[in-house]
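Readers should treat all values here as calculations from the given coordinates under stated rules, not as data from a laboratory. From a predicted model like this one, the values you see are computed outputs, not experimental measurements. We place every Cβ from the backbone using ideal geometry, glycine too, and count neighbours over all the protein chains shown.
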Amino acid sequence: MESLALKVTLRPANPADAAGIAACVCEAYVHYIERIGKQPGPMLENYDEVIRHSQVHVAIAAERVVGAIVLQVTGEGFYVDNVSVRPAVKGQGIGRLLLELAESEARRQGYESLYLATHERMTETRALYARAGYVEYDRRVVNGYPRVFFRKALAA
């Protein structure tokens, strides 16, 4: 999959991508620290471990990780654990490409829907997910973070 505006390639992550993913995640989430009062959960992850234990894909432009998505299968279904895009390339469709990849993977693996969660104070991401067809279905505190859960049904 490629984006036409910015030459972006999506591919599965490999161990060599861990540092680039961590940098991308930190850039994408750092502005939320003041708003929520602590580092968002994705900033605390060890991406060597995440790559080993989750389905991780990266968006690469000019040989650099500019976006990443972490997918997992849980007891609730197919889960989008994290979507990150570097601020320098926001608005160029990379997040949309990553979410489309997640939907495609969920379908390929036999799921009729996928779900995700975001911090209740991350109002921009909540609006983005709603525009992308995700519907809020629950609110829970997870690891000390108040989270809003969304689900999207997938067309056959």
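Here are some notes:
- The loop-placed trypsin sites (Lys or Arg not before Pro) in the range 1-85, going by DSSP, that have at most 13 neighbouring Cβ atoms within 10 Å of their Cβ come out as 7, 38.
- Cα gyration tensor shape of the range 87-156, rounded if a/c is under 1.5, else prolate or oblate by comparing a/b with b/c: oblate
- Gaussian network model of the chain, springs between alpha carbon atoms under 10 Å - residue of 128, 71, 101 with greatest fluctuation: 128
- Available extension along the chain between residue 27 and residue 121 is 32.1 nm, counting 0.36 nm per residue and deducting the alpha carbon span.
- From helices alone, the chain scores -8500 deg cm²/dmol at 222 nm; the rule is -39500 (n - 2.57) for each run of n ≥ 4 DSSP H residues, then divide by the residue total.
- The loop-placed GluC sites (Glu not before Pro) in the range 13-100, going by DSSP, that have at most 14 neighbouring Cβ atoms within 10 Å of their Cβ come out as 63, 76.
- Within a Gaussian network of the chain (alpha carbon springs, distance under 10 Å), most fluctuating of 92, 109, 55: 109
- Each label point was placed 7 Å from the Cα along the Cα-to-Cβ direction; for residue 132 and residue 72 their separation is 1.8 nm.
- Note on the chain: GNM, Cα springs under 10 Å; of 143, 46, 82, the largest mean-square fluctuation is that of 143.
- Relative to its residue count, the chain spans a Cα convex hull of 112 Å³ per residue.
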